[in-house]
Each structure stands twice: as C-alpha cells, then as structure tokens.
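Note sheet for the following structure.
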Amino acid sequence: MDAAWRRSWRPLLAAWAVLAAVALVAAACGGGGSAGAGGNTVQVSLQEYKIVVGGTTLTKGNSMQMKPGQVTFKVTNDGSMQHDFAIQGPGVDETNPQALQPRQSTSVTVTLQKGTYQVWCTQPGHKDLGMYGQIDVQ
C-alpha cells in the first residue's frame, strides 16, 4: 500500500514542480508596472487639492522619492472639478498640461534625471490650496 500511495502522489508533485518553475521564470522576467523599453508606468490621481503619485499623497509641497529613468505618468482626474498635472525639473518642462474633466485620463511620458521635480495643478487657485508637491530623483 505504501508504494501505491507514492505512485498516486507523483503526478501531483510533478505538477507542483512545474508550477514553481514557471513562477520563478516569471519573477525573473520582471513585471508589474513596466511599460516597454525599460520604462515604468506610475498612476497619478488628481483629487481636490492633492496629487497622489504611485500611492504617495503630495500636498502642500511635501515630497516623494523616485529613481531616474523613463516614466509614464498615467494621470486620472478622480476629483469633481477640472484638474491637470504639470511637472518641471532637470530636462522636463511639462508646464502647459492638458486640462482634465472629472474621470478623464491622459499620459505624460518623461525621462527623470537626478534632481528635484516640482509637480502641481495649474488650474486657478489649486496650487494655493495645496495641490503641489515635489519628486526627488536619486
């Protein structure tokens, strides 16, 4: 009976081994927020008087860290009024952004270099109400 039990589990163990190997190969290939040719995609949510970049809330000038390289900011207006996303820093001058109505989205692709980038909403009065922050690239 011992030998019969072992034979019945062999196909299951082989299947688990194959699944583990596939998982290791997939992990080695990278993944997640990758967007072609070495770039990254970062979600940006615009809300009443804050900008959420990749899960970090930027408001009233606080900052977050990012690594250098090409990045596509996928910007969505999750607020109830018109917003936009401006970014300015070393080699980047996206200061005339597309205005987004609620639930509209756009993408902004830039190459971040080491340094400090300012992000803000250019809609009248929004920056004064705290809709700005900083990205430190190291």
The number of residues in the stretch 42-89 that are small (Gly, Ala, Ser) and assigned to a loop (DSSP other than H, G, I, E, B) is 5
The residue from 56, 72, 116 that alone is among the hydroxyl-bearing types (Ser, Thr, Tyr), more than 17 Å from residue 40 (Cβ to Cβ) and in contact with a strand residue (DSSP E or B) (Cβ under 9 Å, 6 or more places away or on another chain) is 116
With respect to residue 122, is the statement that it is over 17 Å from residue 48 (Cβ atoms), β-branched (Val, Ile, Thr) and in the same structural domain as residue 57 (by TED's automatic domain parsing) true?
-> no
Within the stretch 50-103, track down each residue that is crowded, with 16+ Cβ neighbours inside 10 Å and basic (Lys, Arg).
-> 50, 74
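The values are calculated or read from the model by the stated rules, or taken from the named source; none is laboratory data. Since this is a predicted model, take the numbers as computed values, not measurements. Backbone-built Cβ (ideal geometry, glycine too); neighbour counts: all protein chains shown.
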